[in-house]
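Worksheet: the structure to be examined is printed underneath.
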Amino acid sequence: MDKKILIVGPCAAESYEQLADTAKALREVLCSLPSAQFEHVLRAGLWKPRSSPSTFQGIGAEGLPWLVEAAAIAGSPAATEVAQPEHLTAAYEAGIRHFWIGARTTSNPFMVEALADTPIADKQEIVWYIKNPTSPDIDLWVGAVERLRRAGYRQLRAIHRGFAMGEHTTSIYRNAPLWSVAIEFKRRYADIPLLTDASHIAGQAERVAEIAEQAMRMGMDGLMIEVHSHPDKALSDARQQLTPEAFAQLMLRLTAVDISAHDGDSTELASLRQQIDETDDELWALLSKRMNISQQIGKYKREHNMPVLQRTRYNELLRRRMQWAEQHGIDPEAAKQIMDIIHEQSVLRQV
Ligand code: PEP
Ligand code: MN
């Protein structure tokens with residue numbers, strides 16, 4: 001089994017003391033992890049892509065030596081976010097070799113191209129982590145990966161950090177996980193480790209562990225977790241950063257999840273898979289039946305000069321289905337997504 005990759009550390013570098021204190025506390029936790037199972041990297045953002053210009057924008061290049069020193073304390077390589085060639089050049093010259101591309105940067109092919117084109121003496125030393133773009137557009141994500149690959153980089157890793165869905169979500173998290181997008185990424189790139197940024201998905205410290213555990217059980221290749229020596233005093237993302245103690249608890253919880261003891265060929269599993277396949281056959285037969293009814297409705301509406309789209313009817317249908325889903329232990333947001341696809345196909349069939 002490949003090692004799980006842990007990227008931990010504060011959202012942002014704020015002062016030398018803050019970084020050094022966090023690194024000291026992290027060292028203890030990281031050193032206690034079985035080294036055959038985990039590799040770790042110390043993160044801190046120096047240049048922060050914040051939505052509002054009136055919030056903390058990061059300490060900038062001044063924090064580079066602090067991060068390098070803190071990484072030595074933690075016993076991990078340092079990682080930081082780069083969005084512009086100047087960030088990459090300065091961080092590379094300071095000795096940093098792990099870089100992540102933030103969600104807002106991945107969303108902009110010009111910026112990714114500018115990073116990929118930045119002259120670097122030895123590209124093979126560099127490890128890139130490409131976060132998903134802010135919207136669930138897998139092609140933008142894949143495009144960023146390909147731009148770095150074409151530029152000659154070979155150590156590529158991806159980070160799933162969830163999606164900003166605005167009004168189009170009932171997700172309880174800061175960023176809707178939309179696991180299906182991450183699963184599709186993994187399907188396309190078997191050779192690129194995919195990490196889950198549980199902190200930026202969750203948005204609240206109390207919910208980081210559940211996302212992290214889901215990711216590990218799903219078989220993701222690692223985690224990004226924000227840890228700050230004093231989260232309540234953090235200058236950015238204060239709500240979601242863990243104390244080093246909470247991070248230690250989280251790692252205890254995760255190391256208790258023994259996902260290596262699997263038996264992929266058991267007859268019990270084969271029988272369950274058989275049942276899933278049969279259920280899928282029934283599900284698709286029902287979908288096909290539903291489509292045929294839609295077609296008849298479409299014919300009726302055409303004959304009576306009625307518009308196909310009937311918003312109040314659909315709103316009611318959706319409301320009932322989401323309520324039903326909730327009562328049956330199904331995520332209402334997932335129910336909404338499924339209903340939206342079914343309804344869209346039904347409308348298209350009718351027109
Ligand atoms: C971060 O990791 O600090 C960050 C800004 O993340 P994202 O790009 O996922 O918002
Ligand atoms: Mn952050």
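The values are calculated or read from the model by the stated rules, or taken from the named source; none is laboratory data. Quantities reported herein were computed from a predicted structural model and do not represent experimental measurements. A quick note on method: Cβ atoms are made from the backbone with ideal geometry, for glycine too, and the neighbour counts reach across all protein chains shown. Ligands, DNA and RNA are stripped out before the accessible areas are found, and what is left, the full protein with its side chains, is counted by its heavy atoms. Shrake-Rupley method; radii C 1.70, N 1.55, O 1.52, S 1.80 Å.
Based on Cα coordinates alone, diagonalise the gyration tensor for segment 1-84, multiply each eigenvalue by 5, take square roots, and list the semi-axes in whole Å, largest first. Intermediate values should be presented prior to the final figure.
Numbers: eigenvalues 124, 41, 19 Å².
Taking √(5λ) for each Cα gyration eigenvalue gives 25, 14, 10 Å.
With a probe of 1.4 Å, find how much accessible area the chain has per residue, and write the answer as a whole number in Å².
On the way: 18220 Å² over 351 residues.
Value returned for the chain: 52 Å² of accessible area per residue.
Any idea how far apart Glu268 and Glu69 come out in nm if each label point goes 7 Å out from Cα toward Cβ?
5.4 nm
Relative contact order of segment 267-350, please, whole-number percent, based on alpha carbon pairs below 8 angstrom and at least 6 residues apart.
Values: 32 pairs, mean separation 31.0, N = 84.
Dividing the mean separation by the residue count of segment 267-350 yields 37 percent.
For Arg97 and Val351, what is the calculated FRET efficiency with R₀ set at 56 Å and r taken between the beta-carbons, to the nearest 0.05? All intermediate terms of the calculation are to be shown ahead of the outcome.
Details: r = 54 Å, r/R0 = 0.97.
After rounding to 0.05, the efficiency reads 0.55.
In sequence order, what are the phi-derived ³J(HN,Hα) couplings for segment 85-102 according to the Karplus relation 6.51 cos²θ - 1.76 cosθ + 1.60 with θ = phi - 60°, rounded to whole Hz, with x for glycine and proline?
Per residue, the Karplus-derived 3J(HN,Hα) values read x, 5, 4, 4, 4, 5, 5, 5, 5, 7, x, 7, 10, 10, 10, 10, 9, x Hz.
List, in order, the whole-Hz ³J(HN,Hα) value for each residue of segment 18-28 obtained from phi through the Karplus relation with A = 6.51, B = -1.76, C = 1.60 and θ = phi - 60°; use x for Gly and Pro.
3J(HN,Hα) across segment 18-28, in whole Hz: 4, 5, 5, 4, 5, 5, 4, 5, 5, 3, 4.
How large is the dipole of segment 267-350 about the Cα centre if only Lys and Arg carry +1 and Asp and Glu carry -1, each at its Cβ, rounded to the nearest 20 debye?
On the way: 13 positive and 13 negative charges, 157 e Å.
The dipole of segment 267-350 has a size of about 760 debye.
So what are the three principal axis dimensions of segment 94-164 from its Cα atoms, in whole Å, longest to shortest?
Sorted from largest, the Cα extents of segment 94-164 read 35, 19, 18 Å.
Once amide H atoms are placed 1.01 Å from N in the peptide plane, what residues at a sequence separation of 5 or more from Leu223, or on another chain, have their amide H within under 5 Å of its amide H?
Ile5, Leu6, Ile7, Thr196
Distance in nm between label sites at Arg290 and Ile183, each 7 Å beyond Cα in the beta-carbon direction?
The two pseudo-label positions are separated by 1.7 nm.
If you fit an axis through the alpha-carbon atoms of helix 332-350 and take the longest principal axis of the Cα set of the chain, what angle between them do you get, 0 to 90°, nearest 10?
The helix 332-350 is inclined about 50 degrees to the chain.
Could you size up the charge dipole of segment 97-194 around its Cα centre, putting +1 on the beta carbon of Lys and Arg and -1 on that of Asp and Glu, and report it in debye to the nearest 20?
Details: 14 positive and 10 negative charges, 54 e Å.
Result for segment 97-194 is approximately 260 debye, rounded to the nearest 20.
Magnitude of the Cβ-charge dipole of segment 4-255, K/R +1 and D/E -1, about the Cα centre, nearest 20 debye? Let's see the in-between values first.
Details: 25 positive and 29 negative charges, 111 e Å.
That gives a dipole near 540 debye.
Multiplying the sequence separation of Glu282 and Tyr300 by 0.36 nm and subtracting their Cα-Cα distance, what value in nm do you get?
Details: separation 18, 0.36 × 18 = 6.48 nm, distance 2.74 nm.
Fully extending the segment from Glu282 to Tyr300 adds 3.7 nm.
Report the one residue of Asn292, Ile183, Leu242 whose Cα lies farthest in the direction of the positive end of the charge dipole of segment 174-321 (charges on C-beta: Lys and Arg +1, Asp and Glu -1; origin at the Cα centre).
Comparing the listed Cα positions along the dipole, Asn292 ranks first.
Taking the radius of gyration and the Kirkwood hydrodynamic radius from Cα positions alone, what is the Rg/Rh ratio for segment 267-350, to two decimal places? Mind showing how you got there, number by number?
Values: Rg = 16.1 Å, Rh = 14.7 Å.
That ratio equals 1.09.
How high is the relative contact order of segment 4-255, given as a whole-number percent (alpha carbon pairs under 8 Å, six or more residues apart)?
Details: 491 pairs, mean separation 47.1, N = 252.
In percent, rounded to a whole number, it is 19.
Can you list residues from other chains, or at least 5 along the same chain, whose modelled amide H is less than 5 Å from the amide H of Arg157?
Counting only residues 5 or more places away or on other chains, the set is Trp128, Tyr129, Ile130.
What's the local net charge at Leu88, with K and R +1, D and E -1, over the other residues with C-beta under 14 Å away? Don't jump to the answer; show the numbers that get you there.
Numbers: positive: Arg97, Lys123, Arg147; negative: Glu81, Glu86, Glu93, Glu113, Asp117, Asp122, Glu125.
Net local charge, Leu88 excluded: -4.
With each pseudo-label sitting 7 Å past Cα toward Cβ, what's the Leu317-His230 distance in nm, one decimal?
Result: 5.6 nm between the two label points.
Taking the chain as a Gaussian network, Cα atoms linked when under 10 Å apart, which of Gly60, Gly166, Gly102 shows the biggest mean-square fluctuation?
Result for the chain, Cα springs under 10 Å: Gly166 fluctuates most.
Quick check on the chain: what are the equivalent-ellipsoid semi-axes from the Cα gyration tensor, as sqrt(5λ), descending, whole Å? Don't jump to the answer; show the numbers that get you there.
Values: eigenvalues 341, 114, 81 Å².
That gives 41, 24, 20 Å for the three semi-axes.
For helix 267-303, what angle does its Cα long axis make with the longest principal axis of the chain, in degrees from 0 to 90 and rounded to 10?
60 degrees
Please work out the Cα convex hull volume for segment 136-237 and give it in Å³ per residue.
128 Å³
What residue among Gln350, Gln204, His168 has its Cα farthest toward the positive end of the dipole of the chain, where the charges are +1 on Lys, Arg and -1 on Asp, Glu, each on the Cβ?
Gln350
As I understand it, the value is the acute angle between the Cα axis of helix 244-255 and the longest principal axis of the Cα atoms of the chain; what does it come to in degrees, rounded to 10?
In the chain, helix 244-255 runs at an angle near 60 degrees to the longest axis.
Express the relative contact order of segment 1-122 as a whole percentage, based on alpha carbon pairs under 8 Å and six or more residues apart in sequence. If you can, show how the numbers build up before the last one.
Numbers: 187 pairs, mean separation 29.8, N = 122.
Worked out over segment 1-122, it gives 24 percent.
Have a look at the DSSP beta bridges in the chain and tell me what percent are antiparallel, nearest 5.
Values: 1 of 33 bridges.
Roughly 5 percent of the beta bridges in the chain run antiparallel, per DSSP.
Given Lys48/Lys131; Lys4/Lys48; Lys131/Lys186; Lys3/Lys131; Lys4/Lys336; Lys131/Lys336, which pairs have Cα atoms separated by over 22 Å? Mind dumping the intermediate values first?
Details: Lys48/Lys131 14 Å; Lys4/Lys48 26 Å; Lys131/Lys186 13 Å; Lys3/Lys131 20 Å; Lys4/Lys336 33 Å; Lys131/Lys336 26 Å.
Pairs exceeding 22 Å: Lys4/Lys48; Lys4/Lys336; Lys131/Lys336.
Which of the lysines could a cross-linker bridge to Lys301, judged by Cα under 21 Å and excluding same-chain residues fewer than eight apart?
Lys289
Out of segment 117-210, which GluC sites (Glu not before Pro) are coil in DSSP terms and have no more than 13 other C-beta atoms within 10 Å?
On the way: sites: Glu125, Glu146, Glu167, Glu184, Glu206, Glu210; in loops: Glu167.
Those that pass, being in a loop and sparsely packed, are Glu167.
Could you work out how much longer the chain between Ala61 and Ile330 gets when fully extended? Use 0.36 nm per residue separation minus the Cα distance between them, nm to one decimal.
Working: separation 269, 0.36 × 269 = 96.84 nm, distance 4.67 nm.
Additional length available on full extension: 92.2 nm.
So which trypsin sites (Lys or Arg not before Pro) in segment 119-185 pass both tests, a DSSP loop state and at most 13 other Cβ atoms within 10 Å of the Cβ?
Values: sites: Lys123, Lys131, Arg147, Arg149, Arg150, Arg154, Arg157, Arg161, Arg174; in loops: Arg154, Arg161, Arg174.
Listed in order of number, the matching sites are Arg154.
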